[in-house]
Structure formats: structure tokens, C-alpha cells
Amino acid sequence: MTAATLAALWSHWRRNPLQLFTLIAGLALATALWSGVQAVNSEARASYDTAAATLGEGQYDQLLPTAGDTIPEGTFIALRRAGWIVGPVVEGQIAGVRLVGIDPLTAPGGLGPVGNGGMDLPQFLAEQPVFANAATAAKLQTLIDAPIVIAPATAPDTAITDIFVAQRLLNGQGQLSRLIVSPDQPLGQPPLAQIAPDLTRRAAQGGSDVGRLTDSFHLNLTAFGLLSFAVGIFIVHGAIGLAFEQRRTMIRTLRALGMPLRRLVMLMASELMVFALIGGLIGVCLGYLVAASLLPDVAATLKGLYGAQVSGTLQLRPSWWLSGMGISVLGTGIAATGALLSVARMPLLASAQPRAWATARGNARRIQVMVSLGLLLIAGLLAVFGEGLIMGFGLLACLLIGAALALPLVLDVTLRMAQRFAKGVTAQWFWADTRQQLPGLSLALMALLLAMAANVGVSTMVSSFRLTFTGFLDQRLASELYVSTENAAQATALEEFVAPRTSEILPRLYVETELAGLPAEIYSARIGRTYRENWQFLAEAPQVWDRVAAGEAVLVNEQLARRAGLWVGDDLALATDVVLPIAGVFGDYGNPMGQAMVSEDLFNALHPTAQSTQFGLRTDDPQGLRDALIRDFGLSDQSITDQAQIKAFSLSVFERTFTVTAALNILTLSVAGFAIFMSLLTLAAMRVPQLAPAWALGLTRRRLGQLELIRAVVLAVLTALLALPLGLALAWVLLAVVNVEAFGWRLPMYVFPRDYAVLGLFALVAAVLAAAWPARRLAHTPPADLLKVFANGR
Amino acid sequence: MAVKSFLFALALSLTAPVVALAQGFAGMGSEAQGFATPSLGTPLSFPADHGPHPDYRIEWWYVTANMTGPDGTAYGLQWTLFRSALAPFATQGWDSPQIWLGNAAVTTPEAHYTSERLARGGTGQAGVIAAPFEAWIDEWHMRGDTVDTLQLRAAGTQFSYDVTLEAQGPLILHGQDGYSVKSQQGQASYYYSQPSYALSGTLTLPQGEVAVTGSAWLDREWSSQPLASDQTGWDWFSISFDGGEKLMGFRLRQADDSYYTSGTWITAEGDTTALPDGSFDATVLEVSDVGGRDVPTRWQVRVPDYDVDITVEALNPQAWMDMSIPYWEGPVQISGNRTGVGYLEMTGYD
């Protein structure tokens, strides 16, 4: 009996290969986008985690030099011998690779790569290897004379070794970069200032810095992934619903023949699970391709935006296979529950005629409208009262889902109004028929709404960001040339050399410290024409530059201002005895750190040992100055950068962000188009009985096909029109809520009507393409089929 | 006291990669060839031998003390500095093959506080100088002009101590003039002690400071291969009887359930007699559950030659040293035909 039932169930798919394809393709697409995005995210997170775990960053407090970048080894010994449990770290760059030296005996995080790399302590100390992943190892191979051990878990572009080796390779004998403070400190420890007054303690960041910074970026990706998954599940739901409707007769027959209901439901459920696994498998493979093609751009974006190192190559992790298959099975379960329940509840002797699949069920619709209103209400409340990044994303979710659920009602009302104004029988029938089809199409239309809204929202955000940022770069990159020197002596000589040749010399000088309890930078400004003319403020007090120049006031960036809850007029403590009022708040896009800016004199008083080695030079003849610096002063070409180069680099970072966003936009839109196509296709087959009377009354098949196409266009246009305000609301949430929470700055919102028009056109094209084939099939329905409707008395 | 050394050596030196290690440091063919081994008839020389012997694989400076507070409460403390060499030489800087390990503990009847430190030789973070004597790792130290008067300090997250030790008698050489045999196959170490320090100072505990007085025992031992390969652990006793006599005895457990025992009987005047294999007898009377391990915490100790038949009982059975090399070490109280206090160390029960 079981075998016979299975054969009967399978025969349905054999006769409807397109439905089977829809089901599998829907599952595969949903799984692909979900697992692709997950893959990108987990690869990036794995990169941060290895970096943080091996170096103890984020987890532990650190001691940093107050001025300069090195700590003498003697200070480390003095601290240890005073009872400070600290571990030394040596850091430097070799060919773009961050080389980190640790002492496994005193590192609070334990042995770091020792153990991970399958090596124990004596072997590590004896062989003195350098740990790196394969790509980094290849870069270093010819550059260093130390054995390189491939440890895949090492963070990208990072190499870890013993402190002795690091000092030797970096030529920094006797010098340390920073000290990691163990969380367990003994009793009777003297204060830090008594042992090492030149060190500043920086509190642990609670999780890796980079991870926190990039969270919002990854949340954006995840939101995209979830959205695509939801759209895919709409497709699957449609396909399963249709298949079950069509098999009602078969199910009745099987049950009449004695098949127990429980076993039948079990068999149908297992059938779907098999499809879910197949779809999931294809999806994970596709997802891998999506991830592999996106990852290099994502990696480049993250590196450019946050300096976060992410491996550009994808590793196959077993967890993706599992989560991909899992989400596929879960999605199928969600999509099929309703259908299986209705099979279970179907009375044995009920009419086996396929119900009009698309009949609206008043009760369900009322619930849907109520849920939608509830979600929109929550969204409104969150917008007004919510705080924090999670709230921002909660707001997004409520807004999007609420709007999607409201879509059928809004469309229904609109269509009813159109029907009222319709003239002529055909037009009235068209609108009535469109309304009648709405429930069947509503899932696909919701998918289109979400896809379009996401497109509008995200591209508005990214474009606003780019526009603001470009303007900001123009203000900020005022100097024509940027010059790096190797040391303080060369810096002094350079200042003397260029003084007669430039209109202004702007040293780039800052120290990392804590302000208002937050990690921040204090930046030194040589206040002159450049600052006074170019700097723009978000908020400022009168005579702002005069007061700052006199050392009577300080400027802060927006990040510091928002995080510390300070604004113009508030006081900021720069040191225990130096408290100054804030005279201005400036935008500082792209900088994750809080920053305070003070006059050069005040800075020198606060940090007498800090010295600048980088300079911005103002000149009317950049090429001439550049030549002079190389020829007469002996600077290398690499140590001089011109404005255009920096600007180009900064913008290229945003171009990459764009690439990622654009790729995801196109993918979600395609999935939505596919959903419409499949819905129309399934409806087309069922609609023959509804169209036959219209045909019998004189509408040609060709005309009917045209009307089908027009219907698709009308629905797509209506949906697109609704998607626009939703997308703009989404953009507002992203810019004014999520961005502020995630980055600490608020972006002005710009509107790009032309982009939206193009997007609307795309949606229209997608709808027409999706409707074309079903309409064509309708137009070519053999008259015999249409006649059969009457013959069968259906 | 060889057990610790045994375990320490095992952890740091006797494992397979050590061979590679030794080769890495000095290009030597095998571990055994590079290090010096103790030989019978080499007289110890002071103060030089208070200092480190980098050409031996392992070495320790080991102080245990029994103390009482003003209210009569008994306490114990431990201060240990181990040296383990990855290669038989010392250099300045981070590539020194000398590794230092510090363990410190304070035991009360209710609690056992421990702390551990690790350091590399050659940087100044840890080391030992023979004269004027100083042994240190981080802020922990044991120092004085000579080993007769020492200041001893250590601290952990929950405890610290600062005590002064005054020697009341001469140094004691174990075995044959300091040459202490550890197995029938002839494994041996250099081993001497100062068993009769008078102690006074302060313990800082979570409850507050406690002024203490008592007695302390310093053990010094160094070797390259202290135990035979079939020895699985040991039980070591240092006992100060109320009459002024002292007893050091240990039992090395062998894989076939037999024992190798050794010891030293010390008179109140500081005269010593080595106890040959078999004349020191220790039998387990009671086993305690220490964090899931079965550890003997009450013993019967007999030395018939000196009319010793005593019960040795841990002040706090939970004196487990949960360090990178785990072992049990804590103060004990003596009853039976003699009374007194002492320290018990047991390894190989983890």
C-alpha cells in the first residue's frame, strides 16, 4: 500500500515537472541567498575572532605608551617585578603583513597560536616558528628567515610568532609595542603611575573592536539574506499549495481505498522533506558560488571602511552545509504546514473538486490586517521611543513585514475603486477578475514589494552616504600634498625645507587616549587659513576658531559628541586638570573613533613628547614641490601622496560597497520576479474554468492573453508605487536610526527620483517578463479545453 | 620532593618535542647528552650552590612553613621557584632556554589559596643570585644577605604573605653528602635543606591580615633525570617533631605497585642519618575526594629504627595545587607516639 501510494504521489510530479521545478528552484534560491550571506558573514567573523583571540584584543585591558609607539623592555620587567601581571606584545608590518610577537609564558590569553598550530610550548620556544595562514605565508616566504608554519586559523594578513623572533625581524630589540593586562592581578599592587608613568591604560572593548564596528554592515547583509529567504519561501508555499490542491482527488481516492490518514500525511511530509534536502543541497552549492563571488568585494569594503582584515578566500565550513540544509527543511516545513493540515482535516467524503484555490478567506484576511496594523504601530512606537541598534533593526522588521501584510488590503481597495470607475463590461470584468486573483498573487506581490522597498531603501542610503562623503572629502582633503617622514629628525628638517615653498604646513598629529570614558583620539590642529576656510561644522559657537586657537575651547567629532552625549557648550576633560568647553561639533564620516581637536600649542602642552611625522602641504604648484622634495630633500616617491590619490582611494572603497549592494539588489529583484512568474503560471492552469465563460461570451483568446499581461503590469505598477514610500521610510530608518546607533553619525538623506524611476521600470520589466509566458499559454489554450469546461459542468 | 620536578620536567622537557627543542637550541643529538648529571663524591659548595645550575635540566627553591595565628589557628604556606632548562646553558634576552615557574599557596583549615607565575630567563623577570642571595619571579621574592636570614613574599588575587625566616640550625645534606638516590637504577639528584627556620610575619587573606609565627623548611634540589621511567608519582613528607628532631621521607610509587623509599633523620642538633630503601614506611589510612580525585590525606608513618609510629593528617584535605603541573601540597599535623607539624606533597594523583 505504501509503495502504491508513493507511486501515486510521485505520478503527480511526473505529470507536472514544472511544479516540481518551481518547488526545488524556490527552495534552492531561498537557501542559496541565505547560506551565501551567512557564508560571507561567518567568514568575516571568523577572521575577526581569530585576530581577537590570538592577540587578546578586545578581551583585555592594555597598556599603551602615552607618547611615541614603543615601550622599553625595562618598563615591562619593572611592572612585572612590582606585581603587575602584564604580557608583552611586539607589533610591526612586513610587506603589508601585521607581524605580532607574543611571550606565551606571560600572555594572559594563554599560548595564542601555540596549541592551535599543534605545537606545544617547548617546541614553540625551540623552533621559533612564525604562524600564518597559507596566503600570508606565501607573501612572507621569501622575506623572512624564520620557519613559517601554516596555521589556517590565523587571522588574514597577520603572522604570529615568539616575541624574540618578532623583535629580530622588525629590528626592534628591547622595544615592545604594548602590554596586555591580565584580568587577574595580585594583592598589594602599586598604582600604574608609580611604576610606569609613561603608559596609559586602555579598557577592554568587550568583544573585538572590529567585530563591533562591522556589526551593522553584517546586519545589513543578514537582512538581505533573510529577505531573500522569505521571498523564496513564498515561492515554495505557492508551489506546495498548488500541488496539494491538485491532488485532492487523488488523496480522496487513496483514503477511500483504505490508506490511513496518518500514514498518508507522513508520506506526503517525507516526500516534501526529500525535496527540501535536494533543494537545500543545490541551494548550498549555489550559495557557495554567491559567497565566493561576493567575498572579495566584501573583504575589500571591510578593509577600506574599518581596516578589518577579512580573508578574501572562502573556506568550506561544515556548519554552512548543516545550516543551509536546516534552513531549507525548516522553510519547507513552514510553507507546507498549512497544506498538510488541510489534508488532515479534509472530510473523506468532501467534494474532491479543487476549491478555487484563490478564494479569499475572510477570517484569515481579517487576522492578517490586524497583525499588519499591530506591526506598523510597534514600528511607530519604536521610531519614537526605541534606542539601540537592535531596536533599529526591530523597527525595520516591523515596518517591512507590517507593510507587506497590508499590501493585499491596499491593493484590494485600490482595485475596488478602479472597478467603480470602470466603463464597459470588459473593463468591469477585468477589474473584478483582477481582484478575484489577488489572493493567489498576493504572496508574490509582497515579495516584489519587499524587494523593491529594500532596493529603494538601501540604494538611497548608500547614495546619500556617497554624496555626503564626497562633499566631506572635498572639504577635508584641502592640502595638495601629503608627506610622510621616517622619524622626528627628518620631520623637523622637512618643516624647515618646505617652509619657504608652501603657504601652509599642516602636521598630522594625534594620540590615542580616553575621553569621557571612551576610546578616542586627541588631534592637534595648526589653525590657519585652511582650517578656517574649509572646515564645516554640524554645530558651532561664535568665534569658534579664535577660541580653539587660543586654547580656550575644543572641537569634537560627531561620534564622540553622540556617544558621550555632549554638544556645543558642554565641558570635556582632556586631562585631569584640563577641562575645556566644546566650541564646535564636526562631521567625521568613516572614522570609527571619537576625536577631539585642540590647538597645536595646547596639544604640545598636553603631550610634549608626541611628534608628527606626517604633513599636509598647501601649495599652488604641487608638481614642482613634489619634484623638489624628491630631488633636493631626498624623500622617496612613495612617501608623497597627492590629494587626488587619496580621494580616489576613499571613493573606491565606496564603489565596492556599491558593488555588493547592487549585486544583492539584483538578486532579490530576480527572486521576486521569479515568484511572480511562478504564481501566474500556477494560476493560469487553474483559471481556464473562470476564463471559459468570458471566451464563450465573445472575448478572443488573444484578447484574454493581452488582458493577463495588462493585469500583471497594473499590479506591478501599483506595488511599485507602494514600495516607494516604504523604501523611503526604510532609508530614513537606516540613515537616522541604524546609522547613528552603529557608527555614531547621522547622514543627511538625499532623494534620487531618477534611480527610483529606473528601478520601477525594472520591476515592470520583471513583471512583464514573468507574465509573458503564462499569458501566451492562455492565448494559445486550445478551444477544446475551454469547451471542456462546460462539458464537465465545472 | 622530586615529584614536582619530575612532573615539571615531564611537562616541559621529557616529551617528544623536547628532542627537537634541544636540537633547536644547541644542535645536540639527544636530550641526555647535553645536560650534566649528578655524580657521587662531588662536594657541594656554598654559597655558589644556592644559585642556579643552568646545565642541569631541573632545579627548585622550595619553602614550606607551618604557622599559627594569634588565636591558635594553624596555617601553612608554600613558596616555590622551579627552573626548567630546554637546553643546558643560560643567555641574556628572550631566547634564553631557561624557563621559570613560580607556585605560591596559603592553606587554612577551611581554604587553600594558590597562584602561579611563568617567566623566561634572560630578561630579568625571574632568576636566582647566590650571594647576596635572591630568588625571584615577578614581585615574589626570597632574599637576604645569606640563606640564614630571608625575607619571603608572594601574592595572588586573594592572598599575600610577607614573612621573615631565621635559620636556627645548619644546612642538611641528604643522601650521601647531598647526593640523593631516587631509584634502584641509580637515578639521583643533588638535595640539601634548611629544615629549621623560625618564621614570623603577616598573611593577608580575604578576611584580613593575620600575624603569624611558626617554622619553615627550605628544600633545594637539582638534577637532570631525577626519576626512573617506571615511577608514577610520589608521596613526600617533611616533619618537625615537638622535641626538635626532624624527619624527611619519601615514597616513590612504581608501576608494579612496589615502592622505593628514602629519607633523612635529623637530630635536634642537626646531625643526619640517611634512611636506606625500606626503612621509611608510609601507609594510607584515609582517602579524600579532592575535586573528583582520590587523594590520601591521612597516613600512618613508621620509622622503626627511630621509634616513629605516627599518624599524619592533612590540615585541609583540599590543598590541591591546580597549576599547569597539578599536585597536592599542604600542611599536616602529627599525632601518635610523637607530635609535631609538617608538610605533605603528593604527585601523580591527578
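The values are calculated or read from the model by the stated rules, or taken from the named source; none is laboratory data. This structure is a prediction, so every number in the text was calculated from the model and none was measured. All Cβ positions, even for glycine, are placed from backbone atoms using ideal geometry, and neighbour counts span all protein chains on display.
Go over the candidates A:Leu33, A:Leu18, A:Leu6, A:Leu29 one by one and state the one that is surrounded by fewer than 18 Cβ atoms within 10 Å (Cβ to Cβ), at pLDDT below 80 and part of a helix (DSSP H, G or I). It would help to see each step written out before you state the result.
Numbers: A:Leu33 fails: surrounded by fewer than 18 Cβ atoms within 10 Å (Cβ to Cβ); A:Leu6 fails: at pLDDT below 80; A:Leu29 fails: surrounded by fewer than 18 Cβ atoms within 10 Å (Cβ to Cβ).
Of the residues listed, the single one that is surrounded by fewer than 18 Cβ atoms within 10 Å (Cβ to Cβ), at pLDDT below 80 and part of a helix (DSSP H, G or I) is A:Leu18.
In the same structural domain as A:Asn487 (by TED's automatic domain parsing), farther than 26 Å from A:Leu494 by Cβ and among the aliphatic types (A, V, I, L, M): does that describe A:Ala549? Here the answer is no, as A:Ala549 does not meet what is asked.
May I ask you to verify whether A:Leu769 is closer than 16 Å to A:Leu445 by Cα, among the aliphatic types (A, V, I, L, M), touching a residue at least 60 places away in the same chain (Cβ under 8 Å) and surrounded by fewer than 17 Cβ atoms within 10 Å (Cβ to Cβ)? The answer is yes for A:Leu769.
Within region B:314-350, being within 16 Å of B:Asp281 (Cα to Cα) and in contact with a Phe, Trp or Tyr (Cβ under 8 Å, 6 or more places away or on another chain) holds for B:Ile334, B:Arg338, B:Leu344, B:Glu345, B:Met346.
Whenever a residue of region A:77-96 is free of Cβ contacts under 8 Å to residues at least 24 places away in the same chain, its partners that are surrounded by fewer than 18 Cβ atoms within 10 Å (Cβ to Cβ), lying with C-beta atoms within less than 7 angstrom and at least six residues away or across chains, give the pairs A:Ile77/B:Gly124. State all residues of region B:104-126 that are within 8 Å of chain A (Cβ to nearest Cβ) and not charged (D, E, K, R); if no residue qualifies, say none. B:Ser115, B:Leu118, B:Ala119, B:Thr123, B:Gly124, B:Gln125, listed by residue number. For region A:750-758, does any single residue satisfy the condition of being in a loop (DSSP other than H, G, I, E, B) and not hydroxyl-bearing (Ser, Thr, Tyr)? Yes, region A:750-758 contains a residue that is in a loop (DSSP other than H, G, I, E, B) and not hydroxyl-bearing (Ser, Thr, Tyr).
Of the residues B:Ala65, B:Ala126, B:Ala105, the single one that is under 30 Å from B:Val210 (Cα atoms), touching a His at 6+ places or on another chain (Cβ under 8 Å) and surrounded by 22 or more Cβ atoms within 10 Å (Cβ to Cβ) is B:Ala105.
Could you tell me whether B:Thr80 is closer than 27 Å to B:His174 by Cβ and of a type in the set (S, T, N, Q)? When the stated conditions are applied, B:Thr80 passes them. Scanning region B:137-161 for residues that are within 12 Å of chain A (Cβ to nearest Cβ), part of a loop (DSSP other than H, G, I, E, B) and surrounded by 20 or more Cβ atoms within 10 Å (Cβ to Cβ) yields B:Asp138, B:Glu139, B:Gly156, B:Phe159. Is it fair to say A:Ile180 is touching a strand residue (DSSP E or B) at 6+ places or on another chain (Cβ under 7 Å) and at pLDDT 90 or above? Answer is no for this residue.
The rows are residues; the columns are (1) modelled with pLDDT under 80; (2) in a strand (DSSP E or B).
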residue	(1), (2)
A:Leu449	no, no
A:Thr460	no, no
A:Arg466	yes, no
A:Ala491	no, no
A:Ile505	no, yes
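Condition check for A:Glu480 on (1) buried (at least 20 other Cβ atoms within 10 Å of the Cβ); (2) under 30 Å from A:His237 (Cα atoms): one failure, at (2). Say whether the condition of being more than 19 Å from B:Ala130 (Cα to Cα), assigned to a strand (DSSP E or B), within 11 Å of chain A (Cβ to nearest Cβ) and in contact with a Gly (Cβ under 9 Å, 6 or more places away or on another chain) is met by at least one residue in region B:95-103. No, that holds for no residue.
Kindly indicate whether B:Ile334 is in a loop (DSSP other than H, G, I, E, B) and crowded, with 21+ Cβ neighbours inside 10 Å.
Taking the combined requirement at face value, the residue does not satisfy it.
The criterion of at least 1 residues that are over 29 Å from A:Gln643 (Cβ atoms) and modelled with pLDDT of 90 or more is met, among strands (runs of 3 or more DSSP E) falling completely within region A:539-617, by A:571-575, A:578-586. Does any residue of region B:313-320 turn out to be among the aromatic types (Phe, Trp, Tyr), surrounded by 20 or more Cβ atoms within 10 Å (Cβ to Cβ), at pLDDT below 95 and under 25 Å from B:Asp177 (Cα atoms)? No, region B:313-320 has no match at all. Inside region A:117-195, counting only helices (runs of 4 or more DSSP H) that do not spill past its ends, which hold 2 or more residues that are more than 10 Å from every other protein chain (Cβ to nearest Cβ)? Hits in region A:117-195: A:134-140, A:192-195.
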